[in-house]
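Structure first, commentary second.
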Amino acid sequence: MSPEKILPTISGPEDLKKLSIKELAQLAAEIRARIIETVSRTGGHLASNLGVVELTLALHYVFDSPRDKIVWDVGHQCYTHKLLTGRQKEFSRLRQFGGLLGYPCREESEHDVYNTGHASTALSAALGLAVARDRNRENHNVIAVVGDGSLTGGVAYEALNQIGHLRERLIIVLNYNEMSISPNVGALSRYLSYLVSGQPYLRIKEQAKSVLRSIPKLGWPLIRAARALEDMIKKTFFPGIFFKELGIRYIGPIHGHSLHSLIEALENARNYPGPILIHCVTQKGRGYRPAQLDPEKFHSASPFNISTGQPLSPGKKMSYSRAFGEAVAELGRSDEKIIAITAAMTDGTGLNRFAEENPDRFFDVGIAEQHAVNFAAGLAIAGLKPVVAIYSTFLQRAYDQIFHEVCLMDLPVVFALDRAGIVGEDGPTHQGSNDIAYLRHLPNIILMAPKDENELRHMVYSAFRYGHPVAIRFPKGPGLGVPLDKEFRFIPAGQAELLRPGQDLLIAYGHVVSIALEAARKLQEEGLLLAVVNARFARPLDEIMLPELARKARVIFTLEEGVIEAGFGSAVREMLDRNQVYQPAFKSFGLPADIYPVGKPEEIRKVLGLDADSLAEAIRDFYKKQKLL
Ligand SMILES: Cc1ncc(C[n+]2csc(CCOP(=O)(O)OP(=O)(O)O)c2C)c(N)n1
């Protein structure tokens, strides 16, 4: 290995082409060290990125980006790509406020062809790019890089269907590591691992040969019959037959950490006239032992100590996800009808405890949000009590299923929308900003959001008893650290909670209740007395308490961590209108329907004026403008 560092000499992919394989291997080691060092400070998708260092080097070595277009599925594995495409200096501020996004970002670089964040989109986008290339009479390559986890998403099959139909020149790199975030699931995953092992075909072939050897005197007819049998076996078992039959040439499996094999395979694929899939076998967390041993923990890591792999500041307060997961596990112990469903996020949604205790009542359906909801509808119709735990941002995929398969039939499916509100470091594709707006108008649905982790437990309990579709939204990260009640308590649908009395009204929905209380305390010091209501429900609203308080108020403020358009504030306005309360001045605080910067949730809240100080200031200003002060 050269004592000189190579990485600082790489200002763009063209610099790679001058390197030998040995130098590329040294570069791979330097990139790994840089990624580990950076992510240990910033947090990020460590295991996935360490798994594709050689693959990314080989792609940029063989192809000519930005002329050739590389589309990353999910995009969480693009750190090496960023380091090779002119962003080394900025890399130290990965996922930090004002810094680099952890996903492809067209605004950052011409090498980022397609912004991603949600899974299973690369094949469709790449096909679009390939068709456009041909129509524009251009000649570049289009390469989609997709993980085996992302191949569990239905949209990937819709794309494969059309790719096999159109037979456009398109390269698919299947990054196979047997993992989604958790071990990958499903029949296709089983098929892919079968291809990698290759053993059944070899075993069957050996058995066929030995049968032939043991009966040599039967002659050609038998040999021909045996060959036909072998052909049939080959057809059934030969690697890649699934893709071949779809019209996609299959190459593999390839050692995904051998630069030599990767470069050779990609060079061969470069000139192939139709769709071609290269099946690369990689290892998540490659080169960093703690991540290799526990790729799930290091899929999306918070800052950690490099020598031990332990988080730098393990949270002391229970997270909302865990409070939810524990509540479902506790309720599941006495109610066998409860079934828990996740779309590839067992750990993230806190369902691991339930999964361990009830393997037969827990389903990881893969990255298949639409299917998860439809599947739950089937369970509910048969009298079971499904809870579908999906992050707010990912449930967007299943809007139609929630509407048609659940709400129209008024089925008692409980949706747990984790990561609702500002999510932070993962950037625009992961903000849980839209769920209030995309659910609020659906028939029969009950929408609720707890003020803290203890109330979340009571909401989970209550949700299973309403007999209607219910969506509970709660944020990423720690709760408030409040004590948890041992007994579950039923909260009647639509019942709000008055937390402090006052003349004018501040109605908050969900985890921002604590921000509303803090702002109200600050304003009280200045002599402004605001009543604070924990709305608990966005639908139905409390149509007894709220109109009564509203009639006495001069001003009503609403606060939510969701987009204001069609959000909670709008619901309150409509409710006042329904109850003929027209007098009070009205102001809603919430998220703009916009793209927020990347950074810590506190930083983003401050920029958007949703922290307690900014809120108090905005309320004070409003009073002044209305001449109420
Ligand atoms: C629609 C959607 N659902 C869930 C996720 C969360 N998620 C991010 S990466 C990932 C696993 C992806 O697995 P794979 O494609 O195999 O990539 P790997 O991390 O193994 O390299 C999941 C479930 C997502 N990004 N998009």
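The values are calculated or read from the model by the stated rules, or taken from the named source; none is laboratory data. None of the values given here were measured: they were computed from a predicted structure. Heads up, the Cβs are rebuilt from the backbone with ideal geometry, glycines too, and the neighbour counts pull from every protein chain shown. Note: areas computed on protein heavy atoms with side chains; ligands, DNA, RNA excluded. Shrake-Rupley method; radii C 1.70, N 1.55, O 1.52, S 1.80 Å.
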Which numbered condition Ile339 misses (of (1) outside the structural domain of Glu37 (by TED's automatic domain parsing); (2) part of a loop (DSSP other than H, G, I, E, B)):
(2)
In segment 468-482, residue nearest to Pro492 (Cα to Cα) [restricted to those that are assigned to a loop (DSSP other than H, G, I, E, B) and not aliphatic (A, V, I, L, M)]
His468
By residue number, the members of segment 59-78 that are acidic (Asp, Glu) and within 11 Å of the ligand (Cβ to nearest atom) are Asp73
For segment 501-513, enumerate the residues that are at pLDDT 95 or above and either assigned by TED's automatic domain parsing to the domain that holds Asp418 or surrounded by fewer than 16 Cβ atoms within 10 Å (Cβ to Cβ) (or both).
Pro501
Out of segment 1-46, which residues are part of a helix (DSSP H, G or I) and in contact with a strand residue (DSSP E or B) (Cβ under 8 Å, 6 or more places away or on another chain)?
Thr38, Val39, Ser40, Leu46
Does at least one position in segment 162-179 carry a residue that is more than 18 Å from Ile278 (Cα to Cα), touching a residue at least 12 places away in the same chain (Cβ under 8 Å), open to solvent by less than 20 Å² (accessible area, probe 1.4 Å) and outside any helix (DSSP H, G or I)?
no
Only one of (1) more than 15 Å from the ligand (Cβ to nearest atom); (2) touching a Phe, Trp or Tyr at 6+ places or on another chain (Cβ under 8 Å) fails for Arg87. Which number is that?
(2)
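Quick grid of which residues meet (1) among the aromatic types (Phe, Trp, Tyr); (2) surrounded by 23 or more Cβ atoms within 10 Å (Cβ to Cβ):
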| site | (1), (2) |
| --- | --- |
| Ser433 | no, yes |
| Leu439 | no, yes |
| Met448 | no, yes |
| Tyr466 | yes, no |
| Lys476 | no, yes |
| Lys486 | no, no |
| Gly494 | no, no |
| Glu497 | no, no |
Out of Tyr288, Tyr320, Tyr272, which single residue is of a type in the set (Phe, Trp, Tyr) and within 21 Å of Gly477 (Cβ to Cβ)?
Tyr320
Number of positions in segment 70-99 that are closer than 23 Å to Ala122 by Cα and either of a type in the set (Phe, Trp, Tyr) or in a helix (DSSP H, G or I) (or both):
7
